[in-house]
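K.L.:
The structure is given below, and queries will be raised subsequently.
The values are calculated or read from the model by the stated rules, or taken from the named source; none is laboratory data. Everything quoted here is computed from the prediction, not taken from an experiment. Note that each Cβ is placed from the backbone with ideal geometry, even for glycine, and that neighbours are counted across all protein chains shown. The protein model used for the area step is the full one, side chains on, heavy atoms only, and it has no ligands, DNA or RNA in it. Shrake-Rupley method; radii C 1.70, N 1.55, O 1.52, S 1.80 Å.
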Amino acid sequence: MKKPTQSKLIFAFFLLLTFFVALSSPLAAQNNIILFIGDGMGFEHVRAAGMYSTGLPGSLCFEAFPGKSAMTTFSADNAITDSAASGTAIATGRKVNNGTLGLAIPGDGKPLPTVLEILKKQGKSVGLVTTTYITHATPAAFAAHQPSRANAAEIAADYLDDTLPNVLFGGGGMGMTPKLARQHGYRVIQDANEFSQLDTDTVSMVSGQFGQGHMPYEFDGLGNLPHLSQMTETALKVLDNNPKGFFLMVEGGRIDHAGHANDLARDIFEAIEFAHAVQTALDWASNHPDTLIIVTADHETGGLQITKNNGKGQLPDAAWQTDYHTSAKVPVYVWGSNAEQIASAIQDNTDIFTQILTAAASTTKQK
């Protein structure tokens, strides 16, 4: 008789953990989990986008969510995290060193089960959507296990040989090719025309490889490529065919890049489209009450400070403190059953992992 592998034992432990959490949890079951990550999106980025969009801060759709909190983002080896470490903390509930994806470093270096992998094991469909290339740090933290975020080819291999998310939407290249995806059972689409013709009722594995590298900034126009909100809508239509529900991570990845460049206009346009993607999910969830939506960031980028609101359609006056990440707390917004309770429990990025598994495993027996 073959002994179970260590990875199988780890998965079994986490599944058992979610079962016992469910027994004691007062939360309603959430069949569908949608996690939005605005890469680099701090409080001031959100405020600036609201000012430009409507003339008023606090006006983005997710700012009206009933659950709100602020969370810390430090990594295991630095007060200022990178996206690999912060993504891993969110995806696995464990702090790791900067640059690390899904491995216990510091520690024994073994793979850490991600929330995507755990929920897939429970029978849910799973997906990753991003405006960066698909093997970039944040999506990779949910479906790959590598000592370095730079291992693009190895990250793609982890996706295609092991994790196999049902939906992979983002920029192409960087280890991911149409040929490789097709060899592993994916329907591949590469532009907005193919995207619009996708039969979401029948496809179960789809790889959207939109251009090479990161997708264009909203400010510059996307040409014949889909917007983040459109990718979100289509991902939902593919994933919701599963009666057991789904887990979807959607990243507004280029908010961070605009922050690094201290480019306020592109930062704001990315954040506004990110909000459009959240609204798309919220509209879908209005007919699916067994859905949990969490909107947050992996870290803040740029040390942005808004100094003056110049009204709708006008860039606010702003000051940047750095061209890198900061240690500032980032916002958390929660929609769904027990949103306030879930949000209040999220004080550090590792708490999101626990809250998602608790919500996904909870029974509906409430007193």
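K.L.:
For Leu225, state whether it is assigned to a loop (DSSP other than H, G, I, E, B) and not acidic (Asp, Glu).
P.N.:
Yes: the conditions hold for Leu225.
K.L.:
Which number in (1) free of Cβ contacts under 8 Å to residues at least 40 places away in the same chain; (2) buried (at least 24 other Cβ atoms within 10 Å of the Cβ) marks the one condition that Val295 misses?
P.N.:
Only one criterion in (1) free of Cβ contacts under 8 Å to residues at least 40 places away in the same chain; (2) buried (at least 24 other Cβ atoms within 10 Å of the Cβ) is unmet by Val295, namely (1).
K.L.:
Which pairs do you get when a residue that is farther than 10 Å from Thr326 by Cα and part of a loop (DSSP other than H, G, I, E, B), found in region 62-83, comes within reach of a residue that is open to solvent by 10 Å² or more (accessible area, probe 1.4 Å) and aromatic (Phe, Trp, Tyr), reach meaning Cβ atoms under 7 angstrom, with the pair 6+ apart or on two chains?
P.N.:
Phe65/Tyr333; Phe65/Trp335; Pro66/Trp335
K.L.:
Restricting the search to region 196-215, which residues are within 21 Å of the chain's Cα centre (by Cα) and either within 14 Å of Ile134 (Cα to Cα) or assigned to a helix (DSSP H, G or I) (or both)?
P.N.:
Those that are within 21 Å of the chain's Cα centre (by Cα) and either within 14 Å of Ile134 (Cα to Cα) or assigned to a helix (DSSP H, G or I) (or both): Val206, Ser207, Gly208, Gln209, Phe210, Gly211, Gln212, Gly213, His214, Met215.
K.L.:
Quick check on my filter: what residues within region 309-338 are assigned to a loop (DSSP other than H, G, I, E, B) and of a type in the set (Ser, Thr, Tyr)?
P.N.:
Hits for region 309-338 are Thr322, Tyr324, Ser327, Ser337.
K.L.:
What is the residue count in region 191-222 for residues that are surrounded by fewer than 15 Cβ atoms within 10 Å (Cβ to Cβ), under 25 Å from Asp263 (Cβ atoms) and in contact (Cβ under 8 Å) with a residue 12 or more places away in the chain?
P.N.:
Adding up the residues that qualify gives 3.
K.L.:
Here's another thing I want to ask about it. Checking Ile118 against (1) touching a residue at least 12 places away in the same chain (Cβ under 8 Å); (2) more than 15 Å from the chain's Cα centre (by Cα); (3) part of a loop (DSSP other than H, G, I, E, B), only one condition comes out false. Which one?
P.N.:
It is condition (3) that Ile118 fails.
K.L.:
Residue check, Arg149 against (1) over 19 Å from Thr232 (Cβ atoms); (2) open to solvent by less than 10 Å² (accessible area, probe 1.4 Å), all met but one. Which one?
P.N.:
Among (1) over 19 Å from Thr232 (Cβ atoms); (2) open to solvent by less than 10 Å² (accessible area, probe 1.4 Å), the lone unmet condition for Arg149 is (2).
K.L.:
Taking the options Trp335, Trp320, name whichever one is of a type in the set (Phe, Trp, Tyr), open to solvent by 40 Å² or more (accessible area, probe 1.4 Å) and under 27 Å from Asn78 (Cβ atoms).
P.N.:
Of Trp335, Trp320, the one residue that is of a type in the set (Phe, Trp, Tyr), open to solvent by 40 Å² or more (accessible area, probe 1.4 Å) and under 27 Å from Asn78 (Cβ atoms) is Trp320.
K.L.:
Something else about it: Here is a list: Lys68, Lys8, Lys2. Which entry is open to solvent by 70 Å² or more (accessible area, probe 1.4 Å), basic (Lys, Arg) and at pLDDT 95 or above? Don't jump to the end; show me each part of the working.
P.N.:
Values: Lys8 fails: at pLDDT 95 or above; Lys2 fails: at pLDDT 95 or above.
Exactly one of Lys68, Lys8, Lys2 is open to solvent by 70 Å² or more (accessible area, probe 1.4 Å), basic (Lys, Arg) and at pLDDT 95 or above, namely Lys68.
K.L.:
A follow-up question, please. In contact with a Ser or Thr (Cβ under 6 Å, 6 or more places away or on another chain), more than 18 Å from Val46 (Cβ to Cβ) and among the aliphatic types (A, V, I, L, M): which single residue out of Ala343, Ala361, Ala261, Ala277 fits that description?
P.N.:
Ala361
K.L.:
With the requirement that a residue be under 17 Å from Thr280 (Cα atoms) and without any contact (Cβ under 8 Å) to a residue 40 or more places away in the chain, what does region 231-259 give you?
P.N.:
Lys237
K.L.:
Can I ask one more? Among the residues of region 339-348, is any touching a residue at least 12 places away in the same chain (Cβ under 8 Å) and in a strand (DSSP E or B)?
P.N.:
Yes, region 339-348 contains a residue that is touching a residue at least 12 places away in the same chain (Cβ under 8 Å) and in a strand (DSSP E or B).
K.L.:
Right, next: Which condition breaks for Ala277 when tested against (1) under 14 Å from Phe62 (Cα atoms); (2) of a type in the set (A, V, I, L, M); (3) out of contact with any Leu (no Cβ under 6 Å at 6 or more places or on another chain)?
P.N.:
Exception for Ala277: condition (3).
K.L.:
When region 83-110 is examined, which residues are found to be in contact with a helix residue (DSSP H, G or I) (Cβ under 6 Å, 6 or more places away or on another chain) and open to solvent by 10 Å² or more (accessible area, probe 1.4 Å)?
P.N.:
Scanning region 83-110 gives Gly93, Lys95, Asn98, Gly99.
K.L.:
Do you know which residues across region 270-308 are charged (D, E, K, R) and more than 18 Å from Asp323 (Cβ to Cβ)?
P.N.:
Those that are charged (D, E, K, R) and more than 18 Å from Asp323 (Cβ to Cβ): Glu273, Asp283, Asp290, Lys308.
K.L.:
Identify all residues within region 51-65 that are among the aromatic types (Phe, Trp, Tyr) and open to solvent by 40 Å² or more (accessible area, probe 1.4 Å); write none if there are none.
P.N.:
Tyr52 - this is the single residue of region 51-65 that is among the aromatic types (Phe, Trp, Tyr) and open to solvent by 40 Å² or more (accessible area, probe 1.4 Å).
K.L.:
Continuing with this model, one more query. Just to be sure, is Ala150 assigned to a loop (DSSP other than H, G, I, E, B) and among the small types (Gly, Ala, Ser)?
P.N.:
Answer is yes for this residue.
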